[in-house]
1. What are the residues in the range 3-47 that are surrounded by 15 or more Cβ atoms within 10 Å (Cβ to Cβ) and among the aromatic types (Phe, Trp, Tyr), if any?
2. Among the residues that make up the range 26-41, is at least one of them over 17 Å from Val161 (Cα atoms), at pLDDT below 85 and basic (Lys, Arg)?
3. Within the range 19-60, how many residues are part of a helix (DSSP H, G or I) and either more than 20 Å from Ala82 (Cα to Cα) or touching a strand residue (DSSP E or B) at 6+ places or on another chain (Cβ under 8 Å) (or both)?
4. When Pro20 is evaluated against the numbered criteria (1) at pLDDT below 85; (2) under 21 Å from Pro147 (Cβ atoms), which criterion, by number, is the only one it fails?
5. Are any of the residues in the range 84-94 modelled with pLDDT of 70 or more, over 18 Å from Ala160 (Cβ atoms) and out of contact with any helix residue (DSSP H, G or I) (no Cβ under 8 Å at 6 or more places or on another chain)?
6. Pairs, please: C-beta under 9 Å, at least 6 apart or cross-chain, first residue free of Cβ contacts under 8 Å to residues at least 12 places away in the same chain and surrounded by 18 or more Cβ atoms within 10 Å (Cβ to Cβ) and in the range 141-170, second part of a loop (DSSP other than H, G, I, E, B) and among the aliphatic types (A, V, I, L, M)?
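The values are calculated or read from the model by the stated rules, or taken from the named source; none is laboratory data. Predicted, not measured: the structure shown is a model, and the values here were computed from it. Please note: Cβ atoms are built from the backbone with ideal geometry, for glycine as well, and neighbour counts cover all protein chains shown.
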Amino acid sequence: MYDPPGDLWAIAIAGIIAIPALTCVVLYGGAERASLGRRRAALLAGGAAVVLGGWFTASAVIAGNGWYHTRLGHGVPWLPVAVVGFLGTLLALGRIPVVARALAAPGRGRRAALSFNAFGITDLVVALTLGALTGYQLLNVTPSGAPISELPLALIPTAAVPPPSPCTSRLVFALLRAPRTPLPATDPLLLATSR
């Protein structure tokens, strides 16, 4: 049994709560920019909060019962099943027209957004690869990777990582499909650099 110090619990829980909360804020802002109205934006953000909060609670119960702690070849590997299942659910929810419009709402900073998302996707791939290699002891490291399957650390790959992933994929596709339009001559950035 892994018994982490209190500050690790605080850091893990704060991060896990902040990521879904910011996801709801982004969905609300996107819905407003997509002209869906405040009521529909609030319903979208509230619905996302219920889904993400429900998954956070379910993942905590699963981890608390020790169901994420399995070895390769010994039972169902619930940790990757949970991550992939929840990610698939979020991607499917992204196909709902209201959610799709909120995620594809126009914004600025195309190049910066693409670079930031490319970095985030690379970070996710590296983290999942290293997590799988160490978690299933295919790569032995010191200290052990076993605590990742116990609370509070099990909540990071199961509850904190999946929510931003569909938003990232939808944003990247929307940015790649969007036409590149030049900035208007009255743009404050252009006026400031031309003086």
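1. Tyr28
2. yes
3. To start, the set of residues in the range 19-60 that are part of a helix (DSSP H, G or I) comprises 19-33, 38-60.
Imposing the further condition that a residue be either more than 20 Å from Ala82 (Cα to Cα) or touching a strand residue (DSSP E or B) at 6+ places or on another chain (Cβ under 8 Å) (or both) reduces the set to 21-22, 24-33, 38-47.
Total satisfying the criteria: 22.
4. (2)
5. Yes, the range 84-94 has at least one match.
6. Listed pairs, sorted by first residue: none to list.
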